[in-house]
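The values are calculated or read from the model by the stated rules, or taken from the named source; none is laboratory data. As the structure is a computational prediction, the values presented were derived from the model and not from experiment. Cβ atoms come from the backbone with ideal geometry, glycine included; neighbour counts cover every protein chain shown. Please note that ligands, DNA and RNA were not included when accessible areas were found on the heavy atoms of the full protein model with its side chains. Shrake-Rupley method; radii C 1.70, N 1.55, O 1.52, S 1.80 Å.
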Amino acid sequence: SAGKRLLNVVKCGVGWLKGGPVIATVLVATFFTTFTGASGVTILALGGLLTLILTGSGYKKSEAESLVTASGSIGMLFPPSLAIIIYGTTNIFSVDIFALFKGAIIPGTLMALSMILLAIIKNRSVRREAFSVRELGSSLFHGSAELLMPIGIVVGYFTGFLSLIETAAFAAVYSFVLEVFIRRDYTVKSAAKVILKSIPVAGGILVIIGAAKGLAFFMIDAGVPFMLTDFVMTFVQSKYVFLFLLNILLLVVGCLMDLYSAILVVSPLIMPVAESFGIDPVHTWVIFLTNLSLGFLTPPVGMNLFIASYTFNRPIMKIVKDILPYLLVQFVILMLVTYIPWFSTVLL
């Protein structure tokens, strides 16, 4: 029930603004994705609830569903995104995880703001809710325990008080205590069943990571990155042409591979090629992740399109049609981030 409490906090905080339900939807979807590490999970877990909030505020059902779908992957650009952590540990000799976190903040903010503005423009006549200090205070009180968790994660990790693994352990113990003993959404017995169900999922991910890392190490030992660098440098002389081709490659990768396999297998190949053109490693990372988040929405095989079709029980082609304006705006943001390094490097 954490998603409902977080939604209530944001709704009470910004629901009185023009486009308040839209702002709430994008913020909650972004927040949820940041801490689950998977955009598809956000659509599955919160898609129905967020759509109900939007339609209850006067938005068309198709617009509501397309906004939720389009906002599902933005959270991967904000700390403590699992995607950023895995990329940093995969390319630990090339980039610093703290720098990756800082580099992705402005591009992520641009993505979120663009979704909010487009949704407001498409629904100008939507009514607003009255602001209530009492309701806001009540929602903050009831959602305070959930809000403290990300604060604890960020403060513990960024201050150096907790290591990466200790931060994960803190999040797991905090969640267990909160859901079992405070919220009582689960009993100890039902929580144990949830933990047992999660073990095969975690084990499966470790197998995938192990296989992907093995493949990546093999390609590095075989000199594939160096051969790829020589090939690109021979036929591509312009950095801007390389960036354009990189965007096309990563959009295709985002369509065909899951995020973490792409990070583990593809990023070690791209990093040395980008460095040969003098591109900042953090800038390369932001381009990489932004492209992959768009790949989830890119027809015909973007994963989030199929998840949205399943969640909302709508034909996938209708999902694609409704999401095109949002996809176009995100592509414009991608081009800005790609060709203006300032967005990625100004906070470094």
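Express the accessible area of the chain per residue in Å², computed with a 1.4 Å probe while the remaining protein chains stay in the model. With all protein chains present, the chain gives 48 Å² per residue. Derived scalar couplings between HN and Hα for region 259-266 equal 4, 6, 5, 5, 4, 6, 9, 8 Hz in order, rounded to whole Hz, by the Karplus curve 6.51 cos²θ - 1.76 cosθ + 1.60 (θ = phi - 60°), x for Gly and Pro.
Working note: Debye formula, equal point scatterers on the alpha-carbon atoms of region 293-348, no solvent; log10 I(q)/I(0) at q = 0.13, 0.15, 0.24, 0.30 Å⁻¹ is -0.41, -0.51, -0.87, -1.15. From the alpha carbon centroid of region 304-330 to that of region 174-253 is 24 Å.
Between residue 45 and residue 231, the modelled labels are 3.9 nm apart [label points 7 Å from Cα along Cα→Cβ]. Using only Cα atoms, find the angle between the long axis of helix 39-56 and the longest principal axis of the chain, and express it within 0 to 90 degrees, rounded to the nearest 10. Result, in degrees: 40. Using a simple spin-label model with pseudo-atoms 7 Å out from Cα toward Cβ, residue 244 and residue 147 lie 4.7 nm apart. Calculated on the alpha-carbon coordinates, the convex hull of region 1-116 measures out at 96 cubic angstrom per residue. Using a 1.4 Å probe and ignoring any ligands, DNA or RNA, find the accessible area of residue 213 and quote it in Å² to the nearest 10. Answer for residue 213: close to 50 Å² accessible.
Extension gain, residue 121 to residue 256, is 45.4 nm, computed as 0.36 nm per intervening residue step minus the present C-alpha separation.
Once the Cα atoms are used to define both axes, helix 61-71 deviates from the longest principal axis of the chain by about 50 degrees.
How much length is gained if the chain between residue 133 and residue 199 is pulled fully straight, taking 0.36 nm per residue apart and subtracting their Cα-Cα distance, in nm to one decimal? Could the numbers behind the result be given before it?
Values: separation 66, 0.36 × 66 = 23.76 nm, distance 4.29 nm.
Between residue 133 and residue 199, full extension yields 19.5 nm more.
Straight Cα distances below 14 angstrom link residue 18 to the aspartates and glutamates 129, with same-chain residues fewer than 8 positions distant left out.
Seen against the Cα atoms of the chain and their longest principal axis, helix 188-221 is set at about 20 degrees. Is region 212-260 best put as rounded, prolate or oblate by its Cα gyration tensor, with a ≥ b ≥ c the root eigenvalues, rounded for a/c under 1.5, and otherwise prolate when a/b is larger than b/c, oblate when not? Taking the square roots of the gyration eigenvalues as a ≥ b ≥ c, region 212-260 is oblate. Only lysines eight or more places from residue 61 in sequence, or on another chain, were considered; those with a Cα closer than 18 Å are 122, 318, 321.
Using the Karplus relation 6.51 cos²θ - 1.76 cosθ + 1.60 with θ = phi - 60°, the per-residue 3J(HN,Hα) values for region 236-246 come to 10, 9, 9, 4, 6, 5, 4, 4, 5, 5, 4 Hz, with x marking Gly and Pro.
Here is how the number arises for the chain: DSSP H runs of 4 or more residues each give -39500 (n - 2.57), the sum is divided by the residue count, and the result at 222 nm is -26000 deg cm²/dmol. Computed from backbone phi with θ = phi - 60° and the Karplus coefficients 6.51, -1.76 and 1.60, the 3J(HN,Hα) list for region 288-300 is 4, 5, 5, 4, 5, 5, 6, x, 4, 10, 7, x, x Hz; x is used for glycine and proline. Reported value for region 224-348: 112 Å³ per residue, from the convex hull of its C-alpha atoms.
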